[in-house]
Amino acid sequence: MTRQATEDDAKQIAELLKPHVESKVLLHRSTEEIKQNLDKTLVDVDAGRVVGTVSLVFFTPSLCEIRALAISPATQGHGIGKRLVLAAEQMALSLQTERPMRFFALTYTPEFFERCGYARTTKDMFPEKIYEVCNFCLRKDDCHEIAVQKTVR
Ligand SMILES: CC(C)(COP(=O)(O)OP(=O)(O)OC[C@H]1O[C@@H](n2cnc3c(N)ncnc32)[C@H](O)[C@@H]1OP(=O)(O)O)[C@@H](O)C(=O)NCCC(=O)NCCS
């Protein structure tokens, strides 16, 4: 079941992100940062356990990043990631009325996002992200993430 994250989920979300942070696939988020963004975070829950999570970050009312997406290793490949991305888009569309809405992600698995209707693009399409986030990232000179985007009209 996919639902909005609550404060009680924060610890499990941090645990879900941890191995992907350690393998440098995702950037570190403190439990505090996770708690501050709960209103823009979804979780997928199975038998009371958080098995997937995704967050939204708006750069403008019509530019939204899909961020901190992680599915527990045991449940990958069962459609949870796709369900979360599509649900996150719906949440963004309900939070902001501006259209078209542009969604993007920076990822090492562009193939997954292509299965969710995204197309590959270049990071310079998102100067807001580069100015506000990438320029302050420790890995900015050695970043191999691929930008993907989707526009909803
Ligand atoms: C990438 C990730 C989110 C995918 O989630 P998932 O639940 O395993 O994926 P799904 O089962 O929803 O797959 C949806 C589609 O994408 C495809 N897909 C999933 N992972 C893929 C991969 N690594 N490479 C190619 N295709 C992939 C699936 O085959 C499926 O295709 P279909 O629609 O034709 O059936 C998950 O593997 C994960 O958490 N990875 C580690 C963290 C990470 O990389 N996060 C993304 C950072 S932006």
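Which ones in segment 96-135 are small (Gly, Ala, Ser) and in contact with a Leu (Cβ under 8 Å, 6 or more places away or on another chain)?
Within segment 96-135, ALA105 is the sole residue that qualifies.
Considering only residues of segment 72-88 that are without any contact (Cβ under 8 Å) to a residue 40 or more places away in the chain and surrounded by 21 or more Cβ atoms within 10 Å (Cβ to Cβ), which is farthest from ASN37 (Cα to Cα)?
Among them, the one singled out is GLY81.
Exactly one condition in (1) surrounded by fewer than 19 Cβ atoms within 10 Å (Cβ to Cβ); (2) at pLDDT below 95 is false for THR60; which is it?
(2)
Yes/no matrix, rows are residues, columns are (1) in contact with a strand residue (DSSP E or B) (Cβ under 9 Å, 6 or more places away or on another chain); (2) in contact (Cβ under 8 Å) with a residue 40 or more places away in the chain; (3) not in a loop (DSSP other than H, G, I, E, B):
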{"position": "GLN90", "(1), (2), (3)": "no, no, yes"}
{"position": "ARG99", "(1), (2), (3)": "yes, yes, no"}
{"position": "PHE104", "(1), (2), (3)": "yes, yes, yes"}
{"position": "GLU111", "(1), (2), (3)": "no, no, yes"}
{"position": "GLY117", "(1), (2), (3)": "yes, no, no"}
{"position": "GLU128", "(1), (2), (3)": "yes, yes, yes"}
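Within segment 35-73, track down each residue that is among the charged types (D, E, K, R), more than 18 Å from ALA92 (Cβ to Cβ) and not in a strand (DSSP E or B).
Passing the criteria: only LYS35.
If the requirement is being surrounded by 15 or more Cβ atoms within 10 Å (Cβ to Cβ) and among the acidic types (Asp, Glu), which of these qualifies: GLU98, GLU65, GLU114?
Step by step, each of GLU98, GLU65, GLU114 is checked, and only GLU65 is surrounded by 15 or more Cβ atoms within 10 Å (Cβ to Cβ) and among the acidic types (Asp, Glu).
Could you figure out which of (1) more than 13 Å from the chain's Cα centre (by Cα); (2) small (Gly, Ala, Ser); (3) near the ligand (Cβ under 10 Å from one of its atoms) isn't true of GLY52?
(1) is the only condition that GLY52 fails.
Could you give me the residue pairs with C-beta distances under 8 Å whose first residue belongs to segment 1-12 and is free of Cβ contacts under 8 Å to residues at least 40 places away in the same chain, whose second residue is buried (at least 19 other Cβ atoms within 10 Å of the Cβ) and hydrophobic (A, V, I, L, M, F, W, C) wherever it lies, and which are 6+ apart or on separate chains?
ALA10/ILE34; GLN12/VAL43; GLN12/VAL50
Please specify each residue of segment 2-31 satisfying the condition of being under 13 Å from ILE71 (Cβ atoms), in contact with a helix residue (DSSP H, G or I) (Cβ under 6 Å, 6 or more places away or on another chain) and at pLDDT 95 or above.
Result: THR2, ILE13.
Identify all residues within segment 69-104 that are of a type in the set (A, V, I, L, M, F, W, C) and closer than 13 Å to PHE58 by Cβ; write none if there are none.
If the condition is that a residue be of a type in the set (A, V, I, L, M, F, W, C) and closer than 13 Å to PHE58 by Cβ, then ALA88, MET91, ALA92, LEU93, LEU95, MET101, PHE103, PHE104 are the ones that fit.
The values are calculated or read from the model by the stated rules, or taken from the named source; none is laboratory data. Quantities reported herein were computed from a predicted structural model and do not represent experimental measurements. Heads up, the Cβs are rebuilt from the backbone with ideal geometry, glycines too, and the neighbour counts pull from every protein chain shown.
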